Amino acid sequence: MALNAKTNPNYVPKRINGKFAPGWSGNPGGSLEATRRSFNKDFLLALAADFKKHGAAAIEKVREQQPAAYMKICALLVPREMKVEHSNAIKNLTDEQLETMIEHLTASLEAQAQSAKVIEGEAEVVPSLPAPARPMK
């Protein structure tokens, strides 16, 4: 016998007017992405815990017994390509830009020299204070 509102007074339909009723999921099996995220999270947490226990010893063992695998792991940690370009921006400046830059640097150095003042005097000797007492636990 099927359960419905006529046979069971506590029956709550899964759908009301074509929409899922409150408390009823349209996908009771869950989402594939959420399952994968949950698995990845659990796996990485377990891996991190295992690494804390045995990580250094395992790395040392691989380095001694399988140096090729050790070097491959090291190589995989380095980016495959790193594009580095060297450019000399000063060579591309015009004479006017160079003169402006020199004037700015000269003014900046003069301002630093004027703001640097020598303070003369003697240090005042301050008696040391006793260390505070620690409260008893």
Proximal charge balance of Glu103 [Cβ under 14 Å; K/R count +1, D/E count -1]: -4
Take the alpha carbon gyration tensor of the range 28-137, find the square roots of its eigenvalues, order them as a ≥ b ≥ c, and report rounded if a/c is under 1.5; if not, report prolate when a/b exceeds b/c, else oblate. oblate
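Each value in this text was obtained by applying a stated rule to the coordinates, not by laboratory testing. Worth saying up front: this structure is predicted, and the values here are computed from it rather than measured. Please note: Cβ atoms are built from the backbone with ideal geometry, for glycine as well, and neighbour counts cover all protein chains shown.
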